[in-house]
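One structure is given below, encoded as structure tokens.
Readers should treat all values here as calculations from the given coordinates under stated rules, not as data from a laboratory. Fair warning: this is a prediction, and the values are worked out from it, not measured in the lab. Note: ideal-geometry Cβ built from the backbone for every residue, glycine included; neighbour counts use all protein chains shown.
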Amino acid sequence: MLRLVLVGISLWLAFRLWPIILVLVVALLIAGTLSPAVQWLEERKVRRGFAIAGVYLGIFILGALIVTLTIPSLLGQAVALFEREPAFRKSLADYFAQFHASAPFANWLRNMSYDSALSAIGGVAFGYSVRVFEAATYGMSALFLSLYMMIDRDRLRGGLFAVVPRSHHIRLSRVLLNLETIVGAYIRGQLVTSMLMGAFTYILLKACGIETAMALAVFAAIADILPYIGGIILLGPVVVVALGRSPAAAIIVFLAMLAYQEIESRLLIPRIYGRSLRLPSSVVLFALLVGGTLMGLLGALLALPVAATIMMLLEELRVELPGEQEQIEDRELRAQDDLAEEDYERRTEGVAAHEAAAVALEISANRQSEDALSAKSKAEESDA
């Protein structure tokens with residue numbers, strides 16, 4: 001009964017504190033993404049404090065440059081879209097009026113009134129503005145929390161290792177290193193796919209003579225944060241704007257975007273996310289569908305790192321699945337785990353938790369390097 005009560009209280013607290021938990025998760029994602037850059041500077045004899053300050057200052061400068069270079073252009077293009085809306089709607093109505101089946105739709109476009117829509121949009125816009133303000137506040141909180149996490153890294157690790165039994169420290173260090181790898185790979189994959197989609201959209205729309213190419217390209221890069229799904233969301237606005245230019249431009253844009261989405265879904269996403277996160281292509285798609293169904297946009301964003309984390313935990317904790325049988329490789333891994341734990345116990349006898357954490361992470365990092373070299377040599381032998 002006591003366990004059930006504790007579980008119930010934990011679930012209630014998790015539900016009530018869900019925004020705070022989300023801020024913590026985002027802060028961990030930011031810290032895991034920027035940690036390799038800080039480590040790279042540390043390896044070049046830069047003190048950790050200066051390395052952290054330099055990385056965050058660089059992120060701030062980069063963000064300010066992006067905002068300065070893109071926001072004025074985006075606002076100008078957005079205003080131009082609204083100013084040209086009557087002429088654009090008239091051209092669409094004239095085009096659809098040529099066909100008997102679409103004539104009612106053309107009449108609806110000509111007689112469309114914005115009075116009721118604007119009054120409804122006002123309330124919706126106010127509600128979304130409050131949500132945007134809350135999201136910005138939580139985002140800034142996550143950013144500063146990630147900064148404090150990186151500054152107090154050793155103390156936080158020491159506290160985590162202090163509450164975990166010493167017999168599990170090596171496994172814990174392996175999990176932490178793999179989580180850092182998963183987060184970095186996920187963010188890099190997001191940046192690569194989004195930049196490619198934005199660049200392709202901009203070049204395509206510029207080639208078709210669409211003046212608002214920059215605004216639509218930025219929208220394409222943001223929409224592409226959702227693999228597979230973002231391309232479907234993007235297709236409608238881009239084709240509609242191209243149709244205002246000419247039917248031929250709309251057809252070209254439609255076919256080109258479909259072709260690029262096919263290439264991205266079949267080649268880019270499985271390779272970028274699948275290899276970096278060590279997820280099969282089918283698992284990538286299934287995780288996105290499950291995450292989007294359970295939690296909407298947020299679930300789709302977190303689906304891939306969560307799926308990669310679950311598979312990593314099953315592997316690193318040596319969980320025996322019901323349908324699996326122990327292989328020779330599994331016995332070798334367990335033997336290597338035992339040796340690593342013996343080495344850890346010997347090196348950390350009488351050592352404080354934060355110092356023991358550093359030793360455990362060093363042992364696990366060396367083990368990962370050896371495993372990577374071994375896998376690379378085996379791959380070269382098989383190719384030869």
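Round to the nearest 0.05 the FRET efficiency obtained for residue 105 and residue 4 when R0 = 56 Å and r is the Cβ-Cβ distance. So, using R0 = 56 Å, E works out to roughly 0.45.
Modelled spin-label separation between residue 313 and residue 22, with each label point placed 7 Å from Cα along the Cα-to-Cβ direction: 2.1 nm. Projected label points at residue 168 and residue 370, each 7 Å from Cα along the beta carbon direction, are separated by 2.5 nanometres.
Shape call for the stretch 1-71 from the C-alpha gyration tensor, a ≥ b ≥ c root eigenvalues: rounded (a/c under 1.5), prolate (a/b greater than b/c) or oblate? Write down the numbers at each step before the final one.
On the way: a/c = 5.39, a/b = 1.97, b/c = 2.74.
Note, shape of the stretch 1-71 comes out oblate.
What FRET efficiency, computed as 1/(1 + (r/R0)^6) with R0 = 51 Å and r the Cβ-Cβ distance, is obtained for residue 87 and residue 152, rounded to the nearest 0.05? Could you put the intermediate results ahead of the total?
Working: r = 58 Å, r/R0 = 1.14.
The formula returns an efficiency of 0.30 here.
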